[in-house]
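Down below is the structure, laid out as C-alpha coordinates.
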Amino acid sequence: MDVVHLCLSLTPVPGLGPAFSALRFIWSSIERANASKCQLEALAQSIAQLLKALDGEYRNGRLLQARTSTPLADLHKLLEEISAFVQKEASCGFLKLLFTKDQRIVRIESYYRRIGISIESFQASCSVLESTSLVRNDDARADDQRLLNERLLQLERNQERLIETLRRLHGDDGVTSAKA
(Lines give C-alpha, C1' and ligand atoms only; values in the text may rest on other atoms or scores of the structure.)
Protein backbone atom coordinates (compact mmCIF):
# COMPACT_ATOMS: atom_id res chain seq x y z
CA MET A 1 0.00 0.00 0.00
CA ASP A 2 1.46 3.39 -0.89
CA VAL A 3 1.95 6.08 1.71
CA VAL A 4 -1.12 8.09 0.64
CA HIS A 5 -3.54 5.18 1.02
CA LEU A 6 -1.82 4.12 4.24
CA CYS A 7 -2.17 7.65 5.58
CA LEU A 8 -5.81 7.89 4.49
CA SER A 9 -6.57 4.70 6.43
CA LEU A 10 -5.11 6.05 9.69
CA THR A 11 -7.11 7.58 12.49
CA PRO A 12 -4.94 10.60 13.28
CA VAL A 13 -4.37 12.23 16.63
CA PRO A 14 -7.04 14.92 17.14
CA GLY A 15 -4.81 17.88 16.29
CA LEU A 16 -3.99 16.41 12.88
CA GLY A 17 -7.59 15.62 11.95
CA PRO A 18 -8.10 18.74 9.78
CA ALA A 19 -4.79 18.11 7.96
CA PHE A 20 -5.77 14.51 7.22
CA SER A 21 -9.16 15.70 5.97
CA ALA A 22 -7.41 18.16 3.66
CA LEU A 23 -5.23 15.33 2.33
CA ARG A 24 -8.37 13.27 1.59
CA PHE A 25 -9.81 16.14 -0.42
CA ILE A 26 -6.49 16.77 -2.20
CA TRP A 27 -6.30 13.09 -3.17
CA SER A 28 -9.86 12.97 -4.49
CA SER A 29 -9.14 16.07 -6.61
CA ILE A 30 -5.89 14.57 -7.94
CA GLU A 31 -7.81 11.52 -9.13
CA ARG A 32 -9.80 13.86 -11.43
CA ALA A 33 -6.77 15.85 -12.62
CA ASN A 34 -5.71 15.71 -16.28
CA ALA A 35 -2.33 17.45 -16.23
CA SER A 36 0.73 17.16 -14.03
CA LYS A 37 -0.96 14.20 -12.40
CA CYS A 38 2.35 12.53 -11.55
CA GLN A 39 3.64 15.69 -9.89
CA LEU A 40 0.41 16.18 -7.98
CA GLU A 41 0.49 12.54 -6.84
CA ALA A 42 4.11 12.99 -5.72
CA LEU A 43 3.08 16.13 -3.82
CA ALA A 44 0.27 14.18 -2.12
CA GLN A 45 2.75 11.42 -1.23
CA SER A 46 5.05 14.00 0.38
CA ILE A 47 2.13 15.44 2.34
CA ALA A 48 1.05 11.96 3.43
CA GLN A 49 4.59 11.10 4.47
CA LEU A 50 4.76 14.29 6.54
CA LEU A 51 1.38 13.67 8.17
CA LYS A 52 2.25 10.06 8.93
CA ALA A 53 5.56 11.14 10.52
CA LEU A 54 3.85 13.89 12.54
CA ASP A 55 1.15 11.48 13.70
CA GLY A 56 3.89 9.13 14.92
CA GLU A 57 5.72 11.98 16.66
CA TYR A 58 2.54 13.01 18.51
CA ARG A 59 1.68 9.42 19.45
CA ASN A 60 5.20 8.86 20.83
CA GLY A 61 5.06 12.09 22.84
CA ARG A 62 7.95 13.75 21.00
CA LEU A 63 5.58 16.49 19.84
CA LEU A 64 2.93 18.09 22.01
CA GLN A 65 -0.15 19.72 20.52
CA ALA A 66 0.00 22.55 23.05
CA ARG A 67 3.46 23.54 21.79
CA THR A 68 2.73 23.09 18.09
CA SER A 69 -0.61 24.85 17.68
CA THR A 70 0.86 27.56 15.41
CA PRO A 71 2.71 25.12 13.10
CA LEU A 72 -0.44 22.95 12.97
CA ALA A 73 -2.56 25.94 11.96
CA ASP A 74 0.03 26.96 9.35
CA LEU A 75 0.16 23.42 7.97
CA HIS A 76 -3.62 23.23 7.74
CA LYS A 77 -3.71 26.60 5.94
CA LEU A 78 -1.06 25.36 3.47
CA LEU A 79 -2.98 22.14 2.84
CA GLU A 80 -6.20 24.07 2.24
CA GLU A 81 -4.33 26.23 -0.30
CA ILE A 82 -2.92 23.14 -2.02
CA SER A 83 -6.38 21.60 -2.02
CA ALA A 84 -7.90 24.66 -3.72
CA PHE A 85 -5.07 24.64 -6.29
CA VAL A 86 -5.50 20.94 -7.09
CA GLN A 87 -9.28 21.31 -7.34
CA LYS A 88 -8.86 24.21 -9.77
CA GLU A 89 -6.33 22.26 -11.86
CA ALA A 90 -8.65 19.25 -11.98
CA SER A 91 -11.43 21.38 -13.45
CA CYS A 92 -9.36 22.99 -16.26
CA GLY A 93 -9.50 21.92 -19.89
CA PHE A 94 -6.55 20.48 -21.79
CA LEU A 95 -5.59 23.63 -23.72
CA LYS A 96 -5.61 25.82 -20.63
CA LEU A 97 -3.54 23.22 -18.81
CA LEU A 98 -1.10 23.15 -21.71
CA PHE A 99 -0.65 26.92 -21.69
CA THR A 100 -0.28 27.14 -17.90
CA LYS A 101 2.15 24.22 -17.54
CA ASP A 102 5.14 26.33 -16.46
CA GLN A 103 3.09 28.25 -13.90
CA ARG A 104 1.77 24.97 -12.51
CA ILE A 105 5.30 23.56 -12.15
CA VAL A 106 6.49 26.70 -10.34
CA ARG A 107 3.49 26.57 -8.02
CA ILE A 108 4.06 22.89 -7.18
CA GLU A 109 7.73 23.59 -6.44
CA SER A 110 6.73 26.46 -4.15
CA TYR A 111 4.46 24.06 -2.25
CA TYR A 112 7.43 21.74 -1.73
CA ARG A 113 9.45 24.64 -0.32
CA ARG A 114 6.61 25.55 2.01
CA ILE A 115 6.22 21.93 3.11
CA GLY A 116 9.95 21.98 3.91
CA ILE A 117 9.43 25.08 6.05
CA SER A 118 6.56 23.30 7.78
CA ILE A 119 8.79 20.30 8.50
CA GLU A 120 11.36 22.62 10.08
CA SER A 121 8.71 24.39 12.16
CA PHE A 122 7.71 21.11 13.80
CA GLN A 123 11.35 20.18 14.38
CA ALA A 124 10.20 16.65 13.75
CA SER A 125 12.47 13.74 13.05
CA CYS A 126 11.47 13.80 9.40
CA SER A 127 14.34 15.70 7.79
CA VAL A 128 14.67 12.89 5.25
CA LEU A 129 11.26 13.90 3.92
CA GLU A 130 12.57 17.05 2.27
CA SER A 131 15.19 15.41 0.07
CA THR A 132 12.98 12.47 -0.91
CA SER A 133 10.16 14.87 -1.74
CA LEU A 134 12.35 16.87 -4.11
CA VAL A 135 13.61 13.74 -5.88
CA ARG A 136 10.02 12.46 -6.13
CA ASN A 137 8.93 15.78 -7.66
CA ASP A 138 11.74 15.74 -10.26
CA ASP A 139 10.86 12.18 -11.28
CA ALA A 140 7.16 13.04 -11.44
CA ARG A 141 7.84 16.12 -13.58
CA ALA A 142 9.74 13.95 -16.07
CA ASP A 143 6.83 11.46 -16.14
CA ASP A 144 4.33 14.27 -16.70
CA GLN A 145 6.42 15.66 -19.56
CA ARG A 146 6.55 12.23 -21.18
CA LEU A 147 2.76 11.87 -20.86
CA LEU A 148 2.23 15.35 -22.30
CA ASN A 149 4.50 14.54 -25.26
CA GLU A 150 2.57 11.33 -25.90
CA ARG A 151 -0.73 13.19 -25.82
CA LEU A 152 0.55 15.87 -28.20
CA LEU A 153 1.81 13.18 -30.60
CA GLN A 154 -1.61 11.53 -30.48
CA LEU A 155 -3.25 14.87 -31.29
CA GLU A 156 -0.85 15.34 -34.20
CA ARG A 157 -1.65 11.86 -35.55
CA ASN A 158 -5.37 12.56 -35.22
CA GLN A 159 -4.95 15.81 -37.13
CA GLU A 160 -3.03 14.03 -39.91
CA ARG A 161 -5.79 11.41 -40.17
CA LEU A 162 -8.41 14.15 -40.36
CA ILE A 163 -6.51 15.93 -43.14
CA GLU A 164 -6.14 12.66 -45.05
CA THR A 165 -9.86 11.92 -44.68
CA LEU A 166 -10.78 15.41 -45.88
CA ARG A 167 -8.47 15.03 -48.89
CA ARG A 168 -10.13 11.76 -49.85
CA LEU A 169 -13.58 13.29 -49.53
CA HIS A 170 -12.76 16.41 -51.51
CA GLY A 171 -10.12 15.18 -53.92
CA ASP A 172 -6.35 15.72 -53.63
CA ASP A 173 -6.46 19.45 -54.43
CA GLY A 174 -9.01 20.18 -51.71
CA VAL A 175 -11.37 21.80 -54.27
CA THR A 176 -12.73 18.91 -56.34
CA SER A 177 -15.63 17.20 -54.62
CA ALA A 178 -15.65 13.42 -54.36
CA LYS A 179 -17.85 11.53 -56.80
CA ALA A 180 -20.57 9.51 -55.19
If the requirement is being closer than 29 Å to Asp138 by Cβ and of a type in the set (A, V, I, L, M, F, W, C), which of these qualifies: Ala66, Ala73, Ala42? Ala42
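Condition check ((1) surrounded by fewer than 16 Cβ atoms within 10 Å (Cβ to Cβ); (2) within 24 Å of the chain's Cα centre (by Cα); (3) at pLDDT 90 or above) across all residues:
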position: Ser9; (1), (2), (3): yes, yes, yes
position: Val13; (1), (2), (3): no, no, yes
position: Ser29; (1), (2), (3): no, yes, yes
position: Ala44; (1), (2), (3): no, yes, yes
position: Arg67; (1), (2), (3): yes, no, no
Within the stretch 16-39, can one find any residue that is outside any loop (DSSP other than H, G, I, E, B), out of contact with any helix residue (DSSP H, G or I) (no Cβ under 7 Å at 6 or more places or on another chain) and β-branched (Val, Ile, Thr)? no
Only one of these conditions is not met by Phe25: (1) closer than 26 Å to Ser121 by Cα; (2) modelled with pLDDT under 90; (3) not hydroxyl-bearing (Ser, Thr, Tyr). Which number is it? (2)
Testing Tyr58 on (1) modelled with pLDDT under 85; (2) part of a helix (DSSP H, G or I), one condition comes back false. Which one is that? (1)
Within the stretch 103-133, restricting attention to residues that are at pLDDT below 85, assigned to a helix (DSSP H, G or I) and among the hydroxyl-bearing types (Ser, Thr, Tyr), which residue is farthest from Val3 (Cα to Cα)? Ser121
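The values are calculated or read from the model by the stated rules, or taken from the named source; none is laboratory data. What you see is a predicted model, and the numbers here were worked out from it, not measured in a lab. As a convention, Cβ positions derive from the backbone with ideal geometry for all residues, glycine included, and neighbour counts pool all protein chains shown.
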